[in-house]
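Visitor: One structure follows; several queries about it will come next.
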Amino acid sequence: MTSESRIGPPSFGSERDTLRAFLDYHRATLAMKCEGLTDEELRQQSMPPSTLSLLGLVRHMAEVERAWFRRVFEDNAAPMVWSDKIDFQAAYDASASTRDEAFTAWNAEVENSRRVEREAASLDQAGHQPRWGEEVSLRMVMVHVLLEYGRHNGHADLLREGVDGTVGA
């Protein structure tokens, strides 16, 4: 995924097409924030005590995609990518990670999520959210993941400014 695939959402469209487009827009935004950076720059952390990095965000969003699409609609017991237990914080530790490792996992989860969404008969399709022990709709999952990207892309803006040295400029 690159910024060339970053197409703005439609001004008009069905609910499903709009949700799909916003998700893809935010996915492409995260990829864009990471473009042109070395592994070392991608691992550069925010100010202490935060250990957040752009690479950590990519890893975290791979976990989010997996937890909300794969685990809810396909395999409630699917393991997390970087944790033996359901620990989303483990993904943030990108100290030994590389762009290739993180983006390969993230892109695989994004493609799986897209497939799950495409194959669903409607946004009302229900899946089981194992962490909550309840049924959730595809609509709810898409909105939740969209909100996750929105929040974390805000962090990515600040992290990229820190890497580029434009903070305070």
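Visitor: What residue among 87, 100, 157 shows peak mean-square fluctuation when the chain is described by a Gaussian network model with Cα springs under 10 Å?
Guide: 100
Visitor: Additional query: Under 15 Å from a label point 7 Å along Cα→Cβ of residue 76: give me every residue in the range 119-146 with its amide N that close.
Guide: Answer for this model: 126-137.
Visitor: Using the charge dipole of the chain (Lys, Arg: +1 at Cβ; Asp, Glu: -1 at Cβ; taken about the Cα centre), state which of 145, 97, 155 has its Cα farthest towards the positive end.
Guide: 145
Visitor: Where Rh denotes the Kirkwood radius from the mean inverse Cα pair distance, what is Rg over Rh for the range 1-150? Walk me through the numbers before you get to the answer.
Guide: Numbers: Rg = 15.5 Å, Rh = 15.9 Å.
So for the range 1-150, dividing Rg by the Kirkwood Rh gives 0.97.
Visitor: Next up: Which percent of the accessible heavy-atom area of the chain goes to carbon and sulfur, probe 1.4 angstrom? Spell out each step's value before the answer.
Guide: On the way: 4440 of 8550 Å².
Looking at the chain in its full context, I get 52 percent from C and S.
Visitor: For residue 135 and residue 40, what does the FRET efficiency come to when R0 = 45 Å and r is the distance between their Cβ atoms, rounded to the nearest 0.05? Could you put the intermediate results ahead of the total?
Guide: Numbers: r = 44 Å, r/R0 = 0.97.
Once the sixth-power term is evaluated, E becomes 0.55.
Visitor: Among 137, 50, 113, which one shows the biggest mean-square fluctuation in a GNM of the chain, springs joining Cα atoms closer than 10 Å?
Guide: Result: 50 has the largest fluctuation of those listed.
Visitor: Same structure again: If you average 1/r over every pair of different alpha-carbon atoms in the range 70-110 and take one over that average, what Kirkwood value in Å do you get?
Guide: On the way: mean 1/r = 0.0887 Å⁻¹.
Result for the range 70-110, one decimal place: 11.3 Å.
Visitor: Follow-up question, since we're still on this one. Would you mind working out the accessible area per residue for the range 27-77, using a 1.4 Å probe, and quoting it in Å²? Walk me through the numbers on the way to the answer.
Guide: On the way: 1980 Å² over 51 residues.
On a per-residue basis, 39 Å².
Visitor: Starting from the Cα of residue 144, step 7 Å toward the Cβ, then list every residue of the range 107-129 with an amide N under 19 Å from that point.
Guide: Taking a point 7 Å out along Cα→Cβ of residue 144, the residues of the range 107-129 whose backbone N falls under 19 Å are 109-129.
Visitor: Using +1 on the beta carbon of Lys and Arg, -1 on that of Asp and Glu, and nothing else charged, what's the dipole of the range 1-69 about the Cα centre, debye to 20?
Guide: For the range 1-69, the charge dipole is close to 160 debye.
Visitor: Counting only C-alpha contacts under 8 Å and six or more residues apart, can you give the relative contact order of the chain as a whole percent? Spell out each step's value before the answer.
Guide: Details: 210 pairs, mean separation 44.0, N = 169.
So the answer I get is 26 percent.
Visitor: Under 15 Å from a label point 7 Å along Cα→Cβ of residue 16: give me every residue in the range 101-127 with its amide N that close.
Guide: Those under the cut-off are 114-126.
Visitor: Under a point-charge model restricted to the Cβ atoms of Lys and Arg (+1) and Asp and Glu (-1), what is the dipole moment magnitude of the chain relative to its Cα centre, in debye to the nearest 20? Write down the numbers at each step before the final one.
Guide: Details: 19 positive and 28 negative charges, 49 e Å.
Computed about the Cα centre, the dipole is about 240 debye.
Visitor: At 0.692 mPa s and 37 °C, plugging the Kirkwood radius over alpha-carbon pairs of the range 83-142 into Stokes-Einstein gives what diffusion coefficient in µm²/s? Intermediate results must be reported in sequence, preceding the final value.
Guide: On the way: Rh = 13.7 Å.
Reported coefficient: 240 µm²/s.
Visitor: Moving on. Which whole-number percent gives the relative contact order of the range 1-91, counting Cα pairs below 8 Å spaced six or more residues apart? Please report the intermediate quantities before stating the final value.
Guide: Working: 77 pairs, mean separation 16.7, N = 91.
Computed value for the range 1-91: 18 percent relative contact order.
Visitor: Between 31, 121, 67, find the one with the highest GNM mean-square fluctuation for the chain; connect C-alpha pairs within less than 10 Å.
Guide: Maximum fluctuation in the GNM of the chain, among the listed residues, is at 121.
Visitor: Relative to the present Cα-Cα distance, how much length would full extension add between residue 93 and residue 47 at 0.36 nm per residue of separation? Walk me through the numbers on the way to the answer.
Guide: On the way: separation 46, 0.36 × 46 = 16.56 nm, distance 1.46 nm.
Gain on extension, residue 93 to residue 47, equals 15.1 nm.
The values are calculated or read from the model by the stated rules, or taken from the named source; none is laboratory data. On a predicted model such as this, the values are computed, not experimentally measured, just so you know. Heads up, the Cβs are rebuilt from the backbone with ideal geometry, glycines too, and the neighbour counts pull from every protein chain shown. Heads up: the accessible areas ignore ligands, DNA and RNA and are worked out on the full protein's heavy atoms, side chains in. Shrake-Rupley method; radii C 1.70, N 1.55, O 1.52, S 1.80 Å.
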